[in-house]
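*Asks:* I am attaching a structure below and will ask some questions about it afterwards.
The values are calculated or read from the model by the stated rules, or taken from the named source; none is laboratory data. Fair warning: this is a prediction, and the values are worked out from it, not measured in the lab. Positions of Cβ are generated from backbone atoms using ideal geometry, with glycine treated the same way; all protein chains shown enter the neighbour counts.
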């Protein structure tokens, strides 16, 4: 309300008049700068230790040797994975056979029925393991 009273007392009717009044009396409206702003430097997320001009100077013989070692290690890793899968399946088979034996003892179920269920369970688990580790 104070601002409106002030404008009415000073016969201010337009925005231009209000701006001129405040410049003359309060001087809190900054003048528009005509300076051109500097563009901000863009920062890169490339680490300082990297070498953007790196050129691979590995000769063909060394590259082939590295590729051969890579294939050997991948084959070794694959053999280890296959052994691990077999150990898991064997462990599951033992566990499921224990469960089948408990079913037979506790519930007097048919032994053949329990062994079939357990075998199917073990095969399904083995297939699932194989698919996960392919």
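*Asks:* Examine the range 107-130 for a residue that is under 37 Å from the mean Cα position of the chain (by Cα), assigned to a loop (DSSP other than H, G, I, E, B), at pLDDT below 70 and at negative phi, and state whether such a residue exists.
*Replies:* no
*Asks:* Go through the range 3-19 and give me each residue that's assigned to a helix (DSSP H, G or I) and over 57 Å from the mean Cα position of the chain (by Cα). Working first, answer last.
*Replies:* Of the range 3-19, the ones assigned to a helix (DSSP H, G or I) are 3-9, 15-19.
Passing the criteria: 4, 5, 6, 7, 8, 9, 17.
*Asks:* Does residue 97 meet the test of being touching a helix residue (DSSP H, G or I) at 6+ places or on another chain (Cβ under 7 Å) and touching a residue at least 12 places away in the same chain (Cβ under 8 Å)? Explain how you work it out, then say what you get.
*Replies:* Working: touching a helix residue (DSSP H, G or I) at 6+ places or on another chain (Cβ under 7 Å): yes; touching a residue at least 12 places away in the same chain (Cβ under 8 Å): yes.
Yes, satisfied.
*Asks:* If you go through the range 58-70 one residue at a time, do you hit one that is closer than 30 Å to residue 6 by Cβ, assigned to a helix (DSSP H, G or I) and modelled with pLDDT of 80 or more? Before the answer, list the steps.
*Replies:* Our first condition is that a residue be closer than 30 Å to residue 6 by Cβ; within the range 58-70, this holds for none.
No, the range 58-70 contains no residue that is closer than 30 Å to residue 6 by Cβ, assigned to a helix (DSSP H, G or I) and modelled with pLDDT of 80 or more.
*Asks:* Looking at the range 75-85, is at least one residue part of a helix (DSSP H, G or I), touching a helix residue (DSSP H, G or I) at 6+ places or on another chain (Cβ under 7 Å) and on the phi < 0 side of the Ramachandran plot? Talk me through it step by step, then tell me what you get.
*Replies:* Keep residues of the range 75-85 that are part of a helix (DSSP H, G or I), which gives 75-85.
With the extra rule that they be touching a helix residue (DSSP H, G or I) at 6+ places or on another chain (Cβ under 7 Å), the set shrinks to 85.
Remaining after also requiring on the phi < 0 side of the Ramachandran plot: 85.
Yes, the conditions are met somewhere in the range 75-85.
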